[in-house]
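See below for the structure under consideration.
The values are calculated or read from the model by the stated rules, or taken from the named source; none is laboratory data. No experiment lies behind these values; they were computed from the predicted model shown. So basically every Cβ, Gly included, is an ideal-geometry build from the backbone, and we count neighbours across all protein chains shown. With ligands, DNA and RNA removed, areas are computed over all heavy atoms of the protein, side chains included. Shrake-Rupley method; radii C 1.70, N 1.55, O 1.52, S 1.80 Å.
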Amino acid sequence: MKRRPEPELMDSAEQALAYAEADFNASNSLFIQLLQRLGTGPLKDAVALDIGCGPADICIRFLRAYPGASCDALDGSQPMLDLARTALDALPGIASRCRLICDTIPSRQLPSAHYDLVLSNSLLHHLPDPKVLWQTIRETGKPGAPVLVMDLMRPASAAWAEALVATYADGEPEILRTDFRNSLFAAFEPKEVTEQLSEAGLSCLEVAVVSDRHLAVMGRLPA
């Protein structure tokens, strides 16, 4: 099935709220499990970068799992970051370890070779040109830094996409069902991501299918 790109930013308040209120517990829990499988250790005093943080659920889960770490969380949607700020304000012990950044990538607000760990969840399919994500990861992470990128995986057919929407967005608001469907059409296949990594000089990272609708890119940056 041919890729059908979607808008890069979820910049309407209605879209952002529907996304923030949706139940992503299974996939977001999987993200943290995959991170732990990378064998990063306790990450004491580590500074992480979360690219495309949305309402900050991944960032919050990360900071809970790694109490010695801090995180810079970047997103280009101010409505998303407003929801992230609300969520963080309810968790002062975590909020003090998280810095929210409103910007798109490439971003001059991100220092080069600075981060001990680079994360991204559900951003890749939004990008018109995926090269910008791999370039940002390579430029901002320290040599040898662990990397975890998880994203939707494009189904083989429209019928398969509809089956996934019916399975995982049943009962959700129509705006979320539409966004999920559009995101499935905009997502990349594992082979395409492998090619992107090769072009970016990041063949050291592994592409794996981690659920019936997700792929993950895992590994460490070149030392």
Item to check | Residue that is farthest from LEU221 (Cα to Cα), among those in segment 113-135 that are assigned to a strand (DSSP E or B) and within 15 Å of the chain's Cα centre (by Cα) | outcome: ASN121
Checklist entry - What number goes with the only condition from (1) modelled with pLDDT of 95 or more; (2) more than 16 Å from the chain's Cα centre (by Cα); (3) of a type outside the set (Ser, Thr, Tyr) that ALA73 does not pass? => result (2)
Checklist outcome for this item: Residue pairs qualifying under the 7 Å Cβ cut-off, at least six apart or on distinct chains, with the first in segment 86-104 being of a type in the set (Ser, Thr, Tyr) and the second being surrounded by 14 or more Cβ atoms within 10 Å (Cβ to Cβ) and in a loop (DSSP other than H, G, I, E, B), are THR104/GLY76
Checklist entry - Does segment 195-214 include one or more residues that are under 16 Å from the mean Cα position of the chain (by Cα), over 27 Å from GLY39 (Cβ atoms) and in contact (Cβ under 8 Å) with a residue 12 or more places away in the chain? => result no
Checklist entry - Can you pull out the residues in segment 60-85 that are touching a residue at least 60 places away in the same chain (Cβ under 8 Å) and under 25 Å from ALA26 (Cβ atoms)? => result SER77, PRO79, MET80, LEU83
Checklist entry - Are there any pairs, at least 6 apart or on different chains, whose C-beta atoms fall under 6 Å, with the first in segment 156-185 and of a type outside the set (A, V, I, L, M) and the second open to solvent by less than 80 Å² (accessible area, probe 1.4 Å) and modelled with pLDDT of 95 or more, and if so, which? => result ARG177/VAL165; PHE180/VAL165; ARG181/VAL165; SER183/HIS125; SER183/LEU152
Item to check | Candidate set: segment 190-215, residues that are under 19 Å from ARG3 (Cβ atoms) and outside any helix (DSSP H, G or I); chosen: the one most open to solvent (accessible area, probe 1.4 Å) | outcome: VAL209
Next on the checklist: Looking at segment 101-133 only, could you name the residues that are open to solvent by 40 Å² or more (accessible area, probe 1.4 Å), touching a helix residue (DSSP H, G or I) at 6+ places or on another chain (Cβ under 8 Å) and not hydroxyl-bearing (Ser, Thr, Tyr)?
Outcome noted: CYS102, PRO106, PRO111, ALA113, HIS114, LYS131
